[in-house]
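Structure first, then comments.
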Amino acid sequence: MRILIDIGHPGHVHLFKNFTKQMQKRGHEFLFTCRQKEFEIELLNAEGFPFKSFGSKFNTTIGKLFGLLKFDFLSVIQGLRFKPDVFMSHGSPYASHAAAVLQKPHISLEDSGNWEQMKLYLPFTGAVLTPDVLFEDLGTKQIRYRSYHELAYLHPKYFRPTGDAATILKLRSDEKYVILRFVSWNASHDKGHVGISDGEKSRIIDYLSGRYRVFITSEGKLPDAYLPYQIKIAPEQMHEVLAGAEFFVGEGATMAAESGVLGIPAIYINSIRRAYNEDQEKYGLVFNFQSEEGVFEKIQELEATKDFKKTFQDRREKLLADKIDVTALMVWFVENYPESKTIMMENPDYQYNFK
């Protein structure tokens, strides 16, 4: 089987990487397509996956409309050259449109529920795999499973920290640190939403920097005042670093969820709600704020937690016991598609074969 996967975000490389490696071992061939947003190309290179970049994304409304035409066209051309049997993506309109033109199935994964994107790809998609907690009802194409995207790559079957975080960050072995994440607010789903104000960012950084080493990761260019805190590591090292942090504070839903499944408490500040983050709050791993109000107090509350590391690792174990291995599900689902879709629609409990 030949599979073309379109990547729209660095996290999508992680989402598909273990699936790809397992499928490659079973004789399947892959090609990735992407646009340069942040670290997609660096991550694809680090994994050694074959890929084709279509250039930079567009940030303006007019640019996004032009980009839809441009990237649709390039996706079709790449499909004609690679001749995939299946297209896959995390909600890519480009992959779905190319699949429709070339009369091939498109299988999507979805955990964000952004309707402005889903309206573009759902009509051209055969099946959409989503966490069971997703707020949105996507109709008869939706296959719900009991897990998160982040467990496709941070489940202990696939990722175990090496303990090298201090070396990577050039810290003393006993030096504590925290990770902050700021987003660029350029995505289509970001319009009208808010995260942390500049004033509150300064307050949080001033407080934390007096108690920990502070490292900031950002989608956009950081103000000069924050540059001394900018993290400078290879993108593929981020999960190793997250796993060693005291806690995470930021506007990025994915990194908050990644922290949570690693057993690192995360404070997510964004008026965009994410179902997977809110599900992790039930386990006491991610704390969701739709505004910055109360964030500073939550940081201090976390610091006062007794048996800090053990408490949050115990909460992580409870979460893991409840979730399936989504990578194993993906391998079975794609190899057996479309029969797998029928099986899951008729017997959703079939997914528990992939614990």
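The values are calculated or read from the model by the stated rules, or taken from the named source; none is laboratory data. Nothing here was measured: the structure is a model prediction, and the numbers come from that model. A quick note on method: Cβ atoms are made from the backbone with ideal geometry, for glycine too, and the neighbour counts reach across all protein chains shown. Heavy atoms of the whole protein, side chains included, go into the accessibility calculation; ligands, DNA and RNA do not. Shrake-Rupley method; radii C 1.70, N 1.55, O 1.52, S 1.80 Å.
Observations on the structure shown:
- Of all lysines in the structure, those lying under 17 Å Cα to Cα from residue 64, and not within fewer than 8 positions of it along the same chain, are 37, 119, 191.
- Note on residue 346: accessible area approximately 140 square angstrom, rounded to 10, probe 1.4 Å, nucleic acids and ligands left out.
- Three-way shape label, the stretch 213-292, alpha-carbon gyration tensor, a/c 1.5: oblate
- Relative contact order (%) - the chain, alpha-carbon pairs under 8 angstrom, separation at least six: 14
- Cα-centred dipole magnitude for the stretch 28-113, charges only on beta-carbon of K, R (+1) and D, E (-1), debye, nearest 20: 420
- Amide proton proximity set for residue 143, modelled H, under 5 Å, gap of 5+: 128, 129, 130
- Taking the C-alpha atoms of the stretch 301-346, convex hull volume expressed per residue in Å³: 104
- Translational D in µm²/s for the stretch 126-280 (Stokes-Einstein at 10 °C, 1.306 mPa s, Kirkwood Rh from C-alpha pairs): 94
- Fraction of accessible area attributable to carbon and sulfur, the chain (%, probe 1.4 Å): 51
- Solvent-accessible ranking of 298, 64, 306, largest area first, probe 1.4 Å: 306, 64, 298
- Value of relative contact order over the stretch 242-345, rounded to a whole percent, pairs C-alpha under 8 Å and six or more apart: 21
- Excluding same-chain neighbours fewer than eight residues apart, the aspartates and glutamates reachable from residue 341 by a Cα-Cα span under 15 Å are 349.
- When restricted to Cα atoms, the stretch 224-355 yields an Rg and a Dmax of 17.8, 56 Å, respectively.
- When 345, 330 are compared by accessible surface with a 1.4 Å probe, the order from highest to lowest is 345, 330.
- When every Cα-Cα distance of the stretch 66-150 is counted in 10 angstrom steps from zero, the calculated P(r) takes the values 19, 49, 26, 6 percent.
- Solvent exposure of the chain amounts to 44 Å² per residue of accessible area, where only protein heavy atoms count and the probe is 1.4 Å.
- Listed values for the stretch 60-72 are Karplus-derived 3J(HN,Hα) couplings in whole Hz (6.51 cos²θ - 1.76 cosθ + 1.60, θ = phi - 60°), namely 7, 4, 4, x, 5, 5, 5, x, 4, 5, 4, 6, 4, and x replaces Gly and Pro.
- Evaluated at q = 0.11 Å⁻¹, a Debye calculation over the C-alpha positions of the stretch 1-125 (equal weights, vacuum) places log10 I(q)/I(0) at -0.33.
- Among 132-138, 67-73, 279-285, the order from most to least packed when residues are scored by Cβ within 10 Å on average: 279-285, 67-73, 132-138
- Net charge dipole size for the stretch 234-355 [Lys, Arg +1 and Asp, Glu -1 on Cβ; Debye, nearest 20]: 220
- Ranking 219, 200 from most to least accessible surface, computed with a 1.4 Å probe over the protein chains only, gives 219, 200.
- The shape of the chain can be summarised by an equivalent ellipsoid whose semi-axes, obtained from the alpha carbon gyration tensor, come to 33, 23, 19 Å from longest to shortest.
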